[in-house]
C-alpha cells in the first residue's frame, strides 16, 4: 500500500489536456484571420492613408467597425497563443518563463483594449 | 520523480531546407505580434484627432517607417500562405516529404507575388502612405 496521496501520484504525470484546447483555438482563429486580415490589408492599401478624415470615415463606416473589432480580438488571441508557444519552447529559466508568459497575456490584452477603444471612439464621433 | 520526456531540441536534427519554413513561420509570427502594437497605436492616433494622426502618419511615412511596413507586409504574406499550408497538414494533406518540399516552394512564390502586388498598391500608386 502506498502512503502517497492520489494527488501526489498524479502531479507531474502527464498532460491536463489543455494543450488540445490551445491547439484548436490556434487553428480556429487562424481560419478567421485568413479572411479578416486579407480583407483589412486589401482595404488599407487602397485607402489614402495620409488623409485623416477619409481614414476615420472608413473605419467608422457600415460593417467596418465590426470587422475591425473582430480582427483585433481574433488577431490578439491568435498572437497571444503563438507567442506563448515560442516562450515555452525557447525560454528555459523557470522564473523568467513565468514572468514572460504573464507579460505576454497582459501586453496582448492591453493592445486589444487600446485598439477596440479607438474604434469605438471613431464610431461614436461619426454620429456627430 | 524521473525526468519527463522532452521534445528533441532543434540542434539534434539534420538540417533540411523545409526547416527554414518552420523557423520563418515563428519569426514572422513574432514580428506580426509587434505589428499589432503598431495597429493599435495607429487606430488610437486616428481616434485622437487630425494632429495625432498626422504625427503617426509622418512616422509611418518616413523611410524607416516604410521599411518596417514593407517588412510587416512581407511577414504577413508569408505567414498567411504558410499558415494555410499548416492547416492543410492538420487535415493530413500534403504531409509527405516530397509534397511538403513542393508546397514550401509554392508558399515562397505566392508570398512574394502577393507582397509585390500589395507593396505596389501601398507605396507606388500615390494614394497610400504619406509622401
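Given (1) within 9 Å of the chain's Cα centre (by Cα); (2) more than 8 Å from chain B (Cβ to nearest Cβ); (3) farther than 15 Å from residue B:29 by Cα, identify the lone condition not met by residue A:95.
All conditions are met except number (1).
Collect the residues in region A:45-77 that are within 24 Å of residue B:115 (Cα to Cα), touching a residue at least 40 places away in the same chain (Cβ under 8 Å) and at the interface with chain B (Cβ under 9 Å from one of its Cβ atoms), keeping them in residue-number order.
A:59, A:68, A:72, A:75
For the structure I just gave you, tell me whether residue B:39 is closer than 23 Å to residue A:59 by Cα, free of Cβ contacts under 8 Å to residues at least 12 places away in the same chain and buried (at least 18 other Cβ atoms within 10 Å of the Cβ).
In short, yes.
Where in region A:1-114 are the helices (runs of 4 or more DSSP H), entirely inside, with at least 1 residues that are in contact with a helix residue (DSSP H, G or I) (Cβ under 8 Å, 6 or more places away or on another chain)?
Passing ranges, in order: A:18-46, A:52-60, A:64-90.
Quick check: is even one residue across region B:46-58 within 16 Å of the chain's Cα centre (by Cα), surrounded by fewer than 15 Cβ atoms within 10 Å (Cβ to Cβ) and free of Cβ contacts under 8 Å to residues at least 60 places away in the same chain?
no
List every residue pair whose Cβ atoms lie under 8 Å apart, where the two residues are 6 or more positions apart in sequence or sit on different chains, the first residue falls within region A:111-128 and is modelled with pLDDT under 95, and the second residue, located anywhere, is outside any helix (DSSP H, G or I) and surrounded by fewer than 21 Cβ atoms within 10 Å (Cβ to Cβ).
A:126/A:61
Rundown of residues vs (1) surrounded by 17 or more Cβ atoms within 10 Å (Cβ to Cβ); (2) closer than 18 Å to residue B:33 by Cβ, yes/no style:
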position	(1), (2)
B:69	yes, yes
B:75	yes, yes
B:81	yes, no
B:99	no, no
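Name the helices (runs of 4 or more DSSP H) wholly within region B:1-112 that hold at least 3 residues that are within 14 Å of another protein chain (Cβ to nearest Cβ) and farther than 30 Å from residue A:113 by Cα?
B:63-90
The values are calculated or read from the model by the stated rules, or taken from the named source; none is laboratory data. Quick caveat: nothing in here was measured; it's all calculated off a predicted structure. So basically every Cβ, Gly included, is an ideal-geometry build from the backbone, and we count neighbours across all protein chains shown.
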